[in-house]
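Data block below; observations after.
The values are calculated or read from the model by the stated rules, or taken from the named source; none is laboratory data. Small disclaimer: the values here were computed from a predicted structure and weren't measured. Cβ coordinates were reconstructed from backbone atoms using ideal geometry, including for glycine residues, and neighbour counts include every protein chain displayed. These area figures cover heavy atoms from the full protein model, side chains too; ligands, DNA and RNA do not enter into them. Shrake-Rupley method; radii C 1.70, N 1.55, O 1.52, S 1.80 Å.
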Amino acid sequence: IISPHDILHRVPFHILVSSSPESERRFLSDDVFLSTVPSASFLLHAREKPLGSNRSFLSVAPVSRKLPSSEKEVTAIPENLFHDRSTLVGSDATAGRILEGFRQYDVVHIASHALMNQSYPLYSFIESADRKLELHELLGQKTQARIVILSACNTGMSIGAADDDPTSDDLVSFPRALLASGVVSVVSSLWLVEDEAEAELVHSFFERLSVIHLQSPNDPFILSKALTTAQREFRA
């Protein structure tokens, strides 16, 4: 469990490699399961909750014409994971319905375009069917959602409120905004992602989640294990 500081918020820890001879080098995530937290004290009140306690699920693909793999991504979810499932695709996935989804569902999964605004980070956005859903809109509302998967470019990037580089605790990011609203766990992308590759990785993530959930439904690190395992499979 990593609690990054300053520019370490930009480091992709999952793909750090060992200093062994080149033929023996391994990624850090080949050997351990990884997750990050905003601070060590965060663990005292918001540990990853067992997936079994999150029963309702909303998946969203607002720009399925631009990102054809995104619709496949949000509709190919293993049936054993959630009891109450809803999907918003294309014109149905408006900003208002997405925000309402945060208030009604335990788990929210969004596959879309996104852009981090480095000059005005609070106006970073995820694209919905009718408009830009801006980061500051997530800060003020309380949510029912406890797990959020953001399958969109740069949604894990942190930007300093007063400077481009995150050089203090005064950070702006989608995960920080969601955690402040009551979300416990966020899965997001640190860098740019490609439509088909992202869909393949997320599909593998949900498949691993399904398997681990059947074996150990109360495992508090189920998301970290599923994501890291999916990354290993994707690299292979």
In vacuo Debye sum over C-alpha of the chain, base-10 log of normalised intensity I(q)/I(0) at q = 0.13, 0.18 Å⁻¹, listed in q order, is -0.77, -1.56
Potential extension, residue 197-residue 24 segment - 0.36 nm per residue separation minus Cα distance: 59.6 nm
Within 10 Å, count the other beta carbons around each residue, average over each peptide in 36-43, 149-156, and list them highest first. 149-156, 36-43
Quick shape summary for segment 44-148, equivalent ellipsoid via Cα gyration tensor, semi-axes whole Å in descending order, reads 22, 19, 12
Close Lys-Lys pairs in the chain, where close means Cα under 30 Å and separation is 8 or more or interchain: 9
For residue 26, the net charge from surrounding residues (Cβ-Cβ under 15 Å; K, R +1; D, E -1) works out to -1
For segment 1-103, take the convex hull of the Cα atoms, compute a quarter of its surface area, and give me that in nm², please. 10.5
Would you pull out the residues with amide H under 5 Å of residue 188's amide H, same chain only if 5 or more places away, H placed 1.01 Å from N? 150
Summing -39500 (n - 2.57) over the DSSP H runs of n ≥ 4 in the chain and dividing by its residue number, what mean residue ellipticity at 222 nm do you reach, to the nearest 500 deg cm²/dmol? -8500 deg cm²/dmol
Using the Karplus curve 6.51 cos²θ - 1.76 cosθ + 1.60 with θ = phi - 60°, what ³J(HN,Hα) values do you get for each residue of segment 54-61, in whole Hz, with x for Gly and Pro? 10, 9, 10, 9, 10, 10, 9, 9
So the carbon and sulfur contribution to the accessible area of the chain, 1.4 Å probe, in percent, is 52
Between beta-carbons, use under 9 Å as the cut-off and find the net charge around residue 84, counting Lys and Arg +1, Asp and Glu -1. +1
Need one number: % antiparallel among DSSP beta bridges in segment 99-203, to the nearest 5. 45
With a 1.4 Å probe and all protein chains left in place, how much accessible area per residue does segment 178-236 have, in Å²? 47
How charged is the neighbourhood of residue 214? Take every other residue with its Cβ under 15 Å from the Cβ of residue 214, and add Lys/Arg as +1 and Asp/Glu as -1. -1
Sequence-distant residues sharing a close amide H with residue 193 (under 5 Å, placed H): 153, 154
